[in-house]
Every structure is written in C-alpha cells, then in structure tokens.
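The values are calculated or read from the model by the stated rules, or taken from the named source; none is laboratory data. Computed from a predicted structure; not experimentally measured. Every residue, glycine among them, receives a Cβ derived from its backbone with ideal geometry; neighbour counts consider all protein chains shown.
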Amino acid sequence: MAPISKDQILAHNATLQRHADTDYEYLGEQLARRNIDIDTIKTQVASFGVAIPSWGVGTGGTRFARFPGMGEPRHVFDKLQDCGVIQQLARATPTVSLHIPWDKCSDWSELRQTAASYGLGFDAMNSNTFSDQKDQSHSYKFGSLTHADAATRAQAVAHNIECIEIGQKLGSKALTVWVGDGSNFPGQQHFRRAFDRYLESTRQIYAALPGDWRMFLEHKICEPAFYSTVIQDWGSSFMAASALGTKAQCLVDLGHHAPNVNIEMIVARLIAAGKLAGFHFNDSKYGDDDLDAGSVAPYRLFLVFNELVSAAHEGVTGFDPAYMLDQSHNVTDPIESLMSSAAQVQQSYAQALIVDRAELDAAQTANDALMASRALKRGFETNVTPILQRVRAEAGGAIDPIGAYRASGYRQQVAKDRPAVVGGSGGIV
Ligand code: AOS
Ligand code: ZN
Ligand code: ZN
C-alpha cells in the first residue's frame, strides 16, 4: 500500500537526478582522496533506521495551547498512514514507536498487517503513567510507579505489563518507561524511599518481560516535577538498570538534561557499561523543548554519533542502541519535520562514519588537541547530502522528500477526511 503514487515520486526524481548524480560523483572523488569509498558509506547509511514516535505525526503544542494542523491523524491507523508516507519518501524510518493508551485499537493484528503493508514494523512500546485516563481508579497526580500508595503503584505496573502484551502482538521487542514522578517542593518526597518504590515496581514489570525483550529506562531532569524527579539523570537510570538486570538499559532523550551537560560523554559512559538502550532524538535550546533533531545544535548530534560509530568501529560487545525520534511539531507539518529530522540523524551518522579513526587515535595519543579536533570537524563539515539522496533514490524514495511531498498534495487530500480538532488544552508531549 503506497500512500503516494510511485510514478509521482519517479517524475519528481527525474527533475533532480542529473544534479544529484553529479554531486555524488564529485563527493566520491573528494572522499577517495581521503581513502574513503563512498559506496561503502552509502551501504552503511542505507541500513540505518530511526523510529517515528506515533505521537509525532500529530501537531504538538505548548503547555498553554495547541494550534491544530490541517488533516491531522484521527486515530492510530491514520498515524500509520502518515508514517507510511514518511518512510515511502525518506526511507530512513522503517519502524514506529507506539504509545499506550493514545494508540489503543480494537484489532492489533489488523494494525500489524496495516503497518506491514506500508513497509513498517514496530519499535519500543511507550507506557503512559504521567497523565490520568478516563475512568482510571487511582490518580497519578502524585506519582505512578513510585507513588506512596501501593494500589496506585500496582495500577501503573499493570499498565506497563499491558503495554508489553500489546507489543508482543505487534512484534515489538522493547518497553520504554518514562515516569513524571517526583516532587515540586523540598520535603514533599522522601528521595530514597521513592527510588526504592521505583525499583520495587519496575522489578515487577521486568519480571513480565519476554526473554528477547529489553526495558528502556528514560531519565529526565525535571518536568512535571520541577523540584526533583525520581529518575532525574543517567546516574539514577544507571542505578536502576543495574539493579534490574541485563535486559534493563538507559535511554537518552537529548532534551532531558541540564543546559550544557556533555551528553556525548554520558553516551560514552553508558556504552562502556553496556547500558546504552538507545535514544530519543530531538533538539533543544532551553530544556525538553522537543525541537526538530539538529535544528539548534547539529554539532552535538554529530558528537553523539561520533561516540556511536567509534563503539561500532571498535566492536564493543553488546552494543545495539535503539534509535527513535521524540519531537513536538508545533509550527510545521509533522510529516515534513519528521522526514527532515530523520535525514538530519542519518546525516550525523554519515558524517561520523567518514571521520578518519586512525588519524583521530594518533592525534589523541600524541596529545595533539588541534589535530584531534580537526579530524572531527572534517567529518562534520563534509556535505553528505549526495549520499543521502542516492540512498533514498535507490530504495524507491524521493531525492528531495519535502519537495516530492509538497508536490503530491497528500496533506490537502487527507484533510478532506480528517476534520481539524480544535484543542483548548495544551498539546505538550
Ligand atoms: C517525556 O518528556 C519523554 O520524552 C517521553 O519519552 C515522551 O515524550 C512521552 O513518552 C510521549 O508520550
Ligand atoms: Zn523522550
Ligand atoms: Zn521529553
């Protein structure tokens, strides 16, 4: 099932093919001078994928308001269709990360088949114990997995186990647990007891994990608990993942750190400990802004990928991170933002791949700070767009995904069936 006609994509590509070929050839020459084979890089980039968050295809918002976009998805099947467009054109997002209960449906096998028809599979399942659902018995206002009340904790545990069960029907292999638990006043929460309760609850979830599943623990420095959160940083996440067992690892959402924190170094530490679960890619200026990946700090994203490529290059045992986007699209068409963010992530990967590792190692050993920095910068400053264009075109995608998408009129078409939902409340994710 192809949401956009293949002929349309081919026709659009035909207008760009000649220049794309020239650019690829020229970049190939440049890389060859550095003893890098462009086709090898292309093959590596082609096998890279980053998951789309199902909540990302709807228009986000701020804590105060949400301005609906045109033709927003009405339910999970519409969301899959939009994800199908993203994958069809940009060819970098073969999986979708679902959120329960937002994506609940009555027929999971139909959902799985629909996804497969778009060439999509399912990445990690995401639970929600950070907001109350209609008719739920116990409120999460004062926490969920760490709540002082045992019945509330039990409800949150049961919800996570339900997410695993749904994920099994879909072929998912991981559960991401993010809790908003924490406090807003000094003294409100007993720090050590709350962490112990987190361990007690997550142990029960961990016990329900199928043998080939992993559990991703996502830390966040603040929000909605602005004085303290229970899993506030990678240290707490690491303590919890270590206590739980090998299937529990730490997920790094780029927006969940204090300003100026050296995220790439956290990534290196987690790799060294065999505890890097993967990522929620996004960008930020101030906090958990959920801006498009690489829109503010592309060099930071590249430096994260430098650590990842270095670990793969060195064959670090057990290194197998999951890649997901986690963004809120407030002023753009979410499909466009997700296609360009996936390309941005791919770009950072490609740039890290072309860093000369031997040159970097030699500079580090010789304490040659300038040459070490230059080795990295040379990768970052290389325009790898021709590689990405070639990867997409060879996979049947669009040389220019956003141009092809706009030319297709997809959004206008689906808007006929999908009425705008004017939300009075905030749309923050
Ligand atoms: C919240 O800040 C976290 O980033 C979550 O990963 C995510 O946004 C949420 O689970 C979506 O429901
Ligand atoms: Zn996240
Ligand atoms: Zn977040």
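Every residue in segment 286-301 that is touching a residue at least 40 places away in the same chain (Cβ under 8 Å) and either within 28 Å of Leu175 (Cβ to Cβ) or buried (at least 23 other Cβ atoms within 10 Å of the Cβ) (or both), please.
Within segment 286-301, Gly287, Asp288, Asp290, Asp292, Ala293, Gly294, Arg300, Leu301 meet the criteria.
If you check Phe130, Phe142, which single one turns out to be within 16 Å of ligand 2 (Cβ to nearest atom) and assigned to a loop (DSSP other than H, G, I, E, B)? Break it down stepwise before answering.
Details: Phe142 fails: within 16 Å of ligand 2 (Cβ to nearest atom).
Every option except Phe130 fails the conditions.
Yes or no, residue by residue, for (1) of a type in the set (Gly, Ala, Ser); (2) within 30 Å of Arg192 (Cα to Cα):
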position: Gln87; (1), (2): no, no
position: Arg112; (1), (2): no, no
position: Gly121; (1), (2): yes, no
position: Thr129; (1), (2): no, yes
position: Ala151; (1), (2): yes, yes
position: Ala156; (1), (2): yes, yes
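Listed residues Gln155, Gln189; which is within 23 Å of Gly235 (Cα to Cα) and at pLDDT 95 or above?
On the way: Gln155 fails: within 23 Å of Gly235 (Cα to Cα).
Sole residue among the options that is within 23 Å of Gly235 (Cα to Cα) and at pLDDT 95 or above: Gln189.
Report, by residue number, each residue of segment 57-93 that is of a type in the set (Asp, Glu) and in a loop (DSSP other than H, G, I, E, B).
Glu72, the sole residue that qualifies.
If the requirement is being within 18 Å of the chain's Cα centre (by Cα), of a type outside the set (Val, Ile, Thr), at pLDDT 95 or above and away from ligand 1 (no atom under 16 Å from the Cβ), which of these qualifies: Lys220, Lys275, Lys247?
Working: Lys220 fails: away from ligand 1 (no atom under 16 Å from the Cβ); Lys247 fails: within 18 Å of the chain's Cα centre (by Cα).
Result: Lys275 is the single residue among Lys220, Lys275, Lys247 that is within 18 Å of the chain's Cα centre (by Cα), of a type outside the set (Val, Ile, Thr), at pLDDT 95 or above and away from ligand 1 (no atom under 16 Å from the Cβ).
Taking segment 45-75 as the search range and keeping residues that are surrounded by 21 or more Cβ atoms within 10 Å (Cβ to Cβ) and β-branched (Val, Ile, Thr), which one is nearest to Arg112 (Cα to Cα)?
Among residues in segment 45-75 that are surrounded by 21 or more Cβ atoms within 10 Å (Cβ to Cβ) and β-branched (Val, Ile, Thr), the one nearest to Arg112 (Cα to Cα) is Ile52.
Only one residue in Leu291, Leu270 is among the hydrophobic types (A, V, I, L, M, F, W, C) and more than 16 Å from ligand 1 (Cβ to nearest atom), so which one is that? Working first, answer last.
Values: Leu291 fails: more than 16 Å from ligand 1 (Cβ to nearest atom).
Sole residue among the options that is among the hydrophobic types (A, V, I, L, M, F, W, C) and more than 16 Å from ligand 1 (Cβ to nearest atom): Leu270.
Provide a single number: the residues in segment 153-173 that are of a type in the set (D, E, K, R), in a helix (DSSP H, G or I) and surrounded by 15 or more Cβ atoms within 10 Å (Cβ to Cβ). Please lay out each step first, then the result.
Narrowing segment 153-173 to residues of a type in the set (D, E, K, R): 153, 162, 165, 169, 173.
Those left that are additionally in a helix (DSSP H, G or I): 153, 162, 165, 169.
Filter once more, so that each one left must be surrounded by 15 or more Cβ atoms within 10 Å (Cβ to Cβ): 153, 162.
Count: 2.
Say whether the condition of being touching a helix residue (DSSP H, G or I) at 6+ places or on another chain (Cβ under 9 Å) and assigned to a helix (DSSP H, G or I) is met by at least one residue in segment 274-295.
The answer is no, given that none of the residues of segment 274-295 is touching a helix residue (DSSP H, G or I) at 6+ places or on another chain (Cβ under 9 Å) and assigned to a helix (DSSP H, G or I).
Whether any residue in segment 199-215 is farther than 27 Å from Gly318 by Cβ and within 15 Å of ligand 1 (Cβ to nearest atom) is what I want to check.
no
Do we find a residue being in contact (Cβ under 8 Å) with a residue 12 or more places away in the chain and of a type in the set (Val, Ile, Thr) anywhere in segment 356-377?
So in segment 356-377, the residues in contact (Cβ under 8 Å) with a residue 12 or more places away in the chain come out as 356-357, 359-360, 363, 371-372, 375-376.
From what's left, of a type in the set (Val, Ile, Thr): none.
No: zero hits.
Is there a residue being more than 15 Å from Gly143 (Cβ to Cβ), within 22 Å of the chain's Cα centre (by Cα), buried (at least 18 other Cβ atoms within 10 Å of the Cβ) and within 12 Å of ligand 1 (Cβ to nearest atom) anywhere in segment 180-197?
no
Quick one: which of Gly235, Gly255 is within 27 Å of Phe185 (Cβ to Cβ) and either more than 15 Å from ligand 2 (Cβ to nearest atom) or part of a strand (DSSP E or B) (or both)? I'd like the intermediate steps shown before the answer.
On the way: Gly255 fails: either more than 15 Å from ligand 2 (Cβ to nearest atom) or part of a strand (DSSP E or B) (or both).
Going through Gly235, Gly255 in turn, the sole match is Gly235.
Looking only at helices (runs of 4 or more DSSP H) that fall completely inside segment 317-409, which ones have 1 or more residues that are in contact with a strand residue (DSSP E or B) (Cβ under 6 Å, 6 or more places away or on another chain)? Give the derivation first.
Values: elements: 334-353, 357-365, 369-380, 385-394, 401-408.
So the answer is 334-353.
Show the residue pairs meeting these rules: Cβ distance below 7 Å; 6+ apart or different chains; first residue within segment 263-285 and closer than 15 Å to Gly318 by Cβ; second residue surrounded by 19 or more Cβ atoms within 10 Å (Cβ to Cβ) and among the hydroxyl-bearing types (Ser, Thr, Tyr).
Close Cβ pairs (under 7 Å, with a partner that is surrounded by 19 or more Cβ atoms within 10 Å (Cβ to Cβ) and among the hydroxyl-bearing types (Ser, Thr, Tyr)) amount to Gly278/Tyr323.
Filter segment 215-229 for residues that are away from ligand 2 (no atom under 16 Å from the Cβ) and not polar (S, T, N, Q) and give the result.
Phe226, Tyr227
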